[in-house]
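Read-outs: derived from the displayed coordinates by stated rules, not from any lab. Owing to the predicted nature of the structure, the values given are computational and were not obtained by experimental measurement. Reconstructed Cβ throughout: ideal geometry from the backbone, glycine too, with neighbour counts over all protein chains shown.
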């Protein structure tokens, strides 16, 4: 048999393609594994345990740092939102929920504004009641301006009216008075004189 002669150029081309093929196989395998990883569906879990659902009566409700209006408002939750619940106040009026982003990662909502789902909630210890930053004081000078003291007034002295004077009349005596002619006798005398003169006049005319 004759001896096979391979030119140096052909040998160089074969070595180049072989090296290129060896380098491409790991890259292809790595890209294939990445594509397979991205195609795997991600499982998103739902809240496990007791949850609360914000009622639709309001657009949102307040989240406070403790169970009561004496505590400050630290945020809000929207209507229809479902949130994991951790506990309730001793009276059951407030519910402790998960609320990331605030100190402790928890907050309190008013129980009337939410619906509790999934069972009973344990009683949670409320945080200490916040103390006021200042104690309100009343300025006595300013308060004295609004205090009205009733000044006693003296009523006018009552002066009784003078006594009523009632006139009295002396009784008229109806008896005969001594030394005087009664009026009846005078009238009878005048009448008798007149009658006598009338008879006399008639007798003269005949």
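Relative contact order for segment 51-117: what is it in percent, counting Cα pairs under 8 Å that are at least 6 residues apart? Display every interim value, and only then the final one.
Values: 145 pairs, mean separation 24.9, N = 67.
Dividing the mean separation by the residue count of segment 51-117 yields 37 percent.
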For the pair residue 149/residue 123, report the inter-label distance in nm, with labels modelled 7 Å from Cα in the Cβ direction. 5.4 nm
As an exercise, use a Förster radius of 30 Å and the Cβ-Cβ distance of residue 53 and residue 137 to find the FRET efficiency, rounded to the nearest 0.05. 0.10
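Taking a ≥ b ≥ c as the square roots of the eigenvalues of the Cα gyration tensor of segment 51-117, is the shape rounded (a/c under 1.5), prolate (a/b larger than b/c) or oblate?
Values: a/c = 1.31, a/b = 1.19, b/c = 1.11.
Because its axes are fairly even, with a/c under 1.5, segment 51-117 counts as rounded.
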